[in-house]
Amino acid sequence: MRTHVEIERKYEAESDIGVPALDTIPGVAAATGPRQETLEATYYDTSDHRLVRAGMTLRRRE
């Protein structure tokens, strides 16, 4: 079985901060405009919530 550790962080930026031209970054062949994606997440834990008490989250996201 493979183990994967994911650390998710969220940041806020001032509203006047723009997105740089990503296609000017070396190794980026092209960049397209934004598109909307829909993700569905299912969270799992034991009946006694052992994972959340240990500070862990088990999630399947599709």
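The values are calculated or read from the model by the stated rules, or taken from the named source; none is laboratory data. If you're wondering where the values come from, they're calculated on a predicted model, not measured in any experiment. All Cβ positions, even for glycine, are placed from backbone atoms using ideal geometry, and neighbour counts span all protein chains on display. Side chains included, ligands, DNA and RNA excluded: accessible areas come from the protein's heavy atoms. Shrake-Rupley method; radii C 1.70, N 1.55, O 1.52, S 1.80 Å.
With the simple model of a label 7 Å out from the Cα in the direction of the Cβ, residue 52 to residue 6 spans 1.8 nm. Each of residue 44 and residue 59 was given a label point 7 Å from its Cα along the Cα-to-Cβ line. The distance between the two points is 1.6 nm.
For the chain, the extents of the C-alpha atoms along the principal axes are 49, 32, 22 Å, listed from largest to smallest. Of the listed residues 2, 9, the order by accessible area with a 1.4 Å probe, largest first, is 2, 9.
Heavy-atom accessible area with a 1.4 Å probe sorts 1, 56, largest first, into 1, 56. On a per residue basis, the chain carries 111 Å² of accessible surface, using protein heavy atoms and a 1.4 Å probe. Pop out the carbon and sulfur fraction of the accessible area of the chain as a percent, whole number, probe 1.4 Å. That fraction is 52 percent.
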